[in-house]
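What follows is a set of notes on a single structure, which appears directly below.
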Amino acid sequence: MSKDKEIVKAEQSKVKKKSRAQETWRRFKKNKLAVFGMILFFIILLVTILADVIVSYDVSVTQVASERLQGPSASHWFGTDNYGRDLFARIVHGARNSLLVGFGSVIIGVTIGGLLGAVCGYLGGRFDAIVMRILDSIMCIPSAMLALAIVAALGTSLWNVLMAMTISSVPRYCRIIRSSVLGVTGQTYIEAAHSCGTPDFQIILKHVLPNAIGPIIVESTMAVGSAIISAAGISFVGMGIQPPAPEWGAMLNEAKTYMTMYPYMVLFPGLAIGFTALSMNLMGDGLRDALDPKLKN
Amino acid sequence: MGKFVLKRLLALIPTILIIVFVVYFILDLTPSSPGQLILGQMATEEAVEAKNIELGYDKPFLVRYVKYIIQLFQGDLGTSWVTGKGVLESVFARFPVTVTLSAGATVIGIVIGVLLGILAAVKQYSIFDAAGTTLAMILASFPAFWIGMMLVILFAQELGWLPSYGADSIAHYILPWFTTACAFIASQLRMTRTSLLESIRMDYVRTARAKGQKESVVIYRHALRNALMPVVTMAGMNFGTLLGGTVTVETVFTLNGVGTLILTSIRSKDVPVVIGAIVILAICYTLVMLVVDILYGFIDPQVKARYIKN
């Protein structure tokens with residue numbers, strides 16, 4: 001008898017879950033800008049995955065002395081840099097680094113910040129107060145400076161930039177997630193789970209987080225865009241991924257010396273960063289409206 | 001009110017303790033030899049060793065941390081290992097550039113952002129709304145330092161209207177101001193739009209309309225006044241964040257601000273300058289937020305009433 005009930009319950013929840021995702025997708029589809037963002041993102045993702053098929057990595061790092069500083073042409077779509085490297089190849093292969101840092105730092109940051117935030121929001125009391133106090137203080141340190149200091153301490157590499165971005169963003173994610181968890185913990189179903197004797201960590205993982213996940217997804221999507229911009233900034237001031245490895249921010253750093261004579265060197269890497277961030281921001285905006293249509297005035 | 005301010009100022013103390021700990025800890029991850037930095041490459045090993053011991057660098061991390069904190073609360077931020085100048089003096093020498101840059105950018109961000117935001121909200125679904133929100137999206141997505149470089153190419157190189165580097169006159173600041181303002185124009189525009197749209201739907205606006213008041217009076221006297229509350233907080237936060245976030249723009253325009261000071265000090269492992277500058281920036285940030293909170297009390301009668309009651 002009770003087994004039957006459980007099956008029915010499981011199926012009910014399945015139906016409900018599917019319909020919620022479908023409903024979100026239906027609303028998301030109707031938003032033209034969001035769909036545009038998604039298509040843009042898939043194109044960028046495709047280019048990143050197929051980078052080696054489009055143009056070999058060697059082309060992006062090979063210096064050809066006879067082809068220095070050439071403007072865009074049929075043989076070099078985006079021109080060449082001061083070492084005679086093909087800028088199109090560098091941008092295509094640079095996408096991997098940017099996306100890796102952008103997504104990596106947000107996924108790790110949101111996971112750590114999310115767990116901490118969820119525990120704080122759920123437990124409340126002194127633990128919450130102390131952790132929040134510490135995080136608030138860390139948030140007073142300008143995040144760009146914090147990231148730069150971490151990169152300086154660990155050394156300049158892709159993984160260290162990723163780590164620096166993650167550490168400097170955890171407090172912010174933690175705050176956001178804590179507040180969306182606080183909105184859920186007051187609900188009666190949490191009280192019900194509590195009175196059934198469900199362990200705290202199980203309540204957090206099974207009841208609190210799934211219900212607070214909407215704003216978290218939206219924030220994370222937008223955060224990927226700003227993480228890509230911040231990581232480019234770190235490379236731009238010369239502290240990130242080092243040349244000859246292709247990276248968009250580092251390319252802008254190299255282009256700075258030549259920008260007045262050869263503007264195309266600045267134009268293309270910037271467009272690459274901008275469109276990638278734009279695609280994430282458009283999708284984030286669309287998701288917010290789709291997840292909570294009430295918010296859309 | 002006084003009690004509130006005092007409380008907030010006292011709360012600065014634990015904040016500083018934590019900030020210094022975090023920054024000190026991070027910079028301590030890689031071993032550094034201040035003796036070598038101070039005495040230069042030519043110094044003998046014994047002299048370097050002696051200098052390190054004199055500075056307490058043979059002691060464990062926590063001992064040095066406590067010593068630094070004690071000095072800090074006596075107002076002594078130490079001296080630079082590289083230049084030998086006082087940290088406070090070096091930071092304040094760079095401060096005017098960063099403050100001018102941030103303040104100018106905040107003003108531009110508020111004026112343009114709020115105006116475009118009002119336009120977008122009042123004429124919702126019109127071409128102004130679409131153009132405004134699209135502009136905000138683009139400004140928020142493209143890195144400021146790149147926009148700055150493009151502005152230099154256009155206005156300094158092609159048109160020759162404005163200088164591209166240096167900080168000698170107001171003209172030198174125009175491009176950096178607009179560059180820095182970009183992201184804030186975007187956030188102010190979105191904030192103003194959302195907040196004004198929300199307050200336009202309020203009952204008191206409907207009442208004002210029902211009384212037969214002119215639309216302009218309804219918008220500016222009734223809706224906008226209430227809608228500007230979150231905008232004020234955001235402007236303050238923007239300014240606070242900017243103080244420590246202008247390093248890329250300073251790099252583009254070769255401005256000697258606090259950002260580039262920290263950057264060069266991080267590169268040369270000049271630990272006292274890095275920590276000193278970050279602590280000063282963090283204190284400024286907290287003070288700016290305090291001012292915003294106090295201002296909030298003056299603007300919002302509800303908050304003011306709460307102060308008076310307590």
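The values are calculated or read from the model by the stated rules, or taken from the named source; none is laboratory data. A quick note: this is a predicted structure, and the numbers were derived from the prediction, not measured. Ideal geometry is used to build each Cβ from the backbone, glycine not excepted, and the neighbour counts take in all protein chains shown. These accessible areas exclude ligands, DNA and RNA; they are computed on the full protein's heavy atoms, side chains included. Shrake-Rupley method; radii C 1.70, N 1.55, O 1.52, S 1.80 Å.
When you scan the range A:131-142, do you find a residue that is over 14 Å from A:Gly109 (Cα atoms), touching a Leu at 6+ places or on another chain (Cβ under 7 Å), touching a residue at least 60 places away in the same chain (Cβ under 8 Å) and facing another protein chain (nearest Cβ under 9 Å), even just one?
no
Residues that are farther than 24 Å from B:Ala282 by Cβ: which helices (runs of 4 or more DSSP H) entirely in the range B:18-73 hold 1 or more of them?
Where helices (runs of 4 or more DSSP H) fall fully within the range B:18-73 and carry at least 1 residues being farther than 24 Å from B:Ala282 by Cβ, they are B:34-39, B:45-54.
Among (1) open to solvent by 30 Å² or more (accessible area, probe 1.4 Å); (2) polar (S, T, N, Q); (3) in contact with a Cys (Cβ under 7 Å, 6 or more places away or on another chain), there is one condition B:Thr15 misses while meeting the rest; what is its number?
If we test B:Thr15 against (1) open to solvent by 30 Å² or more (accessible area, probe 1.4 Å); (2) polar (S, T, N, Q); (3) in contact with a Cys (Cβ under 7 Å, 6 or more places away or on another chain), just (1) comes out false.
Residue-by-condition table, conditions (1) away from chain A (no Cβ under 14 Å); (2) out of contact with any Asp or Glu (no Cβ under 8 Å at 6 or more places or on another chain); (3) at pLDDT below 85:
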{"residue": "B:Tyr24", "(1), (2), (3)": "no, yes, no"}
{"residue": "B:Leu27", "(1), (2), (3)": "no, yes, yes"}
{"residue": "B:Thr30", "(1), (2), (3)": "no, yes, yes"}
{"residue": "B:Ser33", "(1), (2), (3)": "yes, yes, yes"}
{"residue": "B:Glu45", "(1), (2), (3)": "yes, yes, yes"}
{"residue": "B:Glu49", "(1), (2), (3)": "yes, yes, yes"}
{"residue": "B:Ile53", "(1), (2), (3)": "yes, yes, yes"}
{"residue": "B:Asp58", "(1), (2), (3)": "yes, yes, yes"}
{"residue": "B:Gly75", "(1), (2), (3)": "yes, yes, yes"}
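Which residue is surrounded by the fewest Cβ atoms within 10 Å (Cβ to Cβ), if the candidates are limited to the range B:129-146 and must be in a helix (DSSP H, G or I), at the interface with chain A (Cβ under 8 Å from one of its Cβ atoms) and over 18 Å from the mean Cα position of the chain (by Cα)? It would help to see each step written out before you state the result.
The initial filter retains those residues of the range B:129-146 that are in a helix (DSSP H, G or I), namely B:129-141, B:144-146.
This time we only want the ones that are at the interface with chain A (Cβ under 8 Å from one of its Cβ atoms), so: B:137-138, B:140-141, B:145-146.
Next cut, over 18 Å from the mean Cα position of the chain (by Cα) only: B:137-138, B:141, B:146.
On the way: B:Met137: 20, B:Ile138: 16, B:Ser141: 23, B:Trp146: 29.
Looking at residues that are in a helix (DSSP H, G or I), at the interface with chain A (Cβ under 8 Å from one of its Cβ atoms) and over 18 Å from the mean Cα position of the chain (by Cα), I get B:Ile138.
Applying the selection to the range A:121-144, what residues are outside any helix (DSSP H, G or I) and on the phi > 0 side of the Ramachandran plot? Before you say what the answer is, go through the steps one by one.
Going residue by residue through the range A:121-144, those that are outside any helix (DSSP H, G or I) are A:124, A:140-142.
Scanning the range A:121-144 gives a single hit, A:Gly124.
What about B:Thr233, is it without any contact (Cβ under 8 Å) to a residue 40 or more places away in the chain and among the polar types (S, T, N, Q)? First the steps, then the outcome.
Numbers: without any contact (Cβ under 8 Å) to a residue 40 or more places away in the chain: no; among the polar types (S, T, N, Q): yes.
In short, no.
Only one residue in A:Ala193, A:Ala147, A:Ala118 is within 13 Å of another protein chain (Cβ to nearest Cβ) and in a helix (DSSP H, G or I), so which one is that?
Values: A:Ala193 fails: within 13 Å of another protein chain (Cβ to nearest Cβ); A:Ala118 fails: within 13 Å of another protein chain (Cβ to nearest Cβ).
Result: A:Ala147 is the single residue among A:Ala193, A:Ala147, A:Ala118 that is within 13 Å of another protein chain (Cβ to nearest Cβ) and in a helix (DSSP H, G or I).
Residues in the range A:181-197: is at least one under 21 Å from the mean Cα position of the chain (by Cα) and acidic (Asp, Glu)?
no
Evaluate the range B:266-283: report whether one residue or more is open to solvent by 60 Å² or more (accessible area, probe 1.4 Å) and more than 9 Å from chain A (Cβ to nearest Cβ).
Among the residues of the range B:266-283, not one is open to solvent by 60 Å² or more (accessible area, probe 1.4 Å) and more than 9 Å from chain A (Cβ to nearest Cβ), which makes the answer no.
Does A:Ile91 satisfy the condition of being under 27 Å from B:Ser141 (Cα atoms) and open to solvent by 30 Å² or more (accessible area, probe 1.4 Å)? Outline the logic, then answer.
Working: under 27 Å from B:Ser141 (Cα atoms): yes; open to solvent by 30 Å² or more (accessible area, probe 1.4 Å): no.
Considered against the rule, which asks whether it is under 27 Å from B:Ser141 (Cα atoms) and open to solvent by 30 Å² or more (accessible area, probe 1.4 Å), A:Ile91 comes out as no.
Which of the residues that make up the range A:110-159 are touching a helix residue (DSSP H, G or I) at 6+ places or on another chain (Cβ under 8 Å) and of a type in the set (S, T, N, Q)?
Those that are touching a helix residue (DSSP H, G or I) at 6+ places or on another chain (Cβ under 8 Å) and of a type in the set (S, T, N, Q): A:Ser137, A:Ser143.
In this structure, is A:Gln202 closer than 20 Å to A:Ile91 by Cβ, more than 10 Å from chain B (Cβ to nearest Cβ) and open to solvent by 40 Å² or more (accessible area, probe 1.4 Å)?
no
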